[in-house]
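FYI, it's all coordinate maths here, none of it is from the lab. All values derive from a computational prediction rather than experimental measurement. All Cβ positions, glycine included, derive from the backbone under ideal geometry; neighbour counts span all protein chains shown.
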Amino acid sequence: MVNSFTCTQPIKVFINGYNMINARFIALKDPILNHFTSNFTDKKHKKFWHKITMVFSHILQPISDLIQIASQQTNILPQTAPEGSQSEAEIS
């Protein structure tokens, strides 16, 4: 579904949408961990969040790829790096 959508919109729409989704995802980390893993150890917290991050990254990969290609061609960069290229500190 995401892949088919990437062919129909201007690149700036993807950059803005990706930045909004990515910021919201990062902001949800603590509420999600508090709700689902309140009795987990720190190691299990990190493992749980890593799995969620992998699913999130997989779903948004077509948009991330499109932004990366377009930014190389036009020097338009998203406000944040694509999720897959963020450091562990930014996503954990």
Next on the checklist: What are the ³J(HN,Hα) couplings of the range 56-72, residue after residue, when phi is run through the Karplus curve with 6.51, -1.76, 1.60 and θ = phi - 60°? Round to Hz, x for glycine and proline.
Outcome noted: 4, 4, 5, 5, 8, 4, x, 5, 4, 4, 4, 5, 5, 5, 5, 5, 5
Item to check | Relative packing of peptides 61-72, 32-43, 8-19 - highest average C-beta neighbours within 10 Å first | outcome: 61-72, 8-19, 32-43
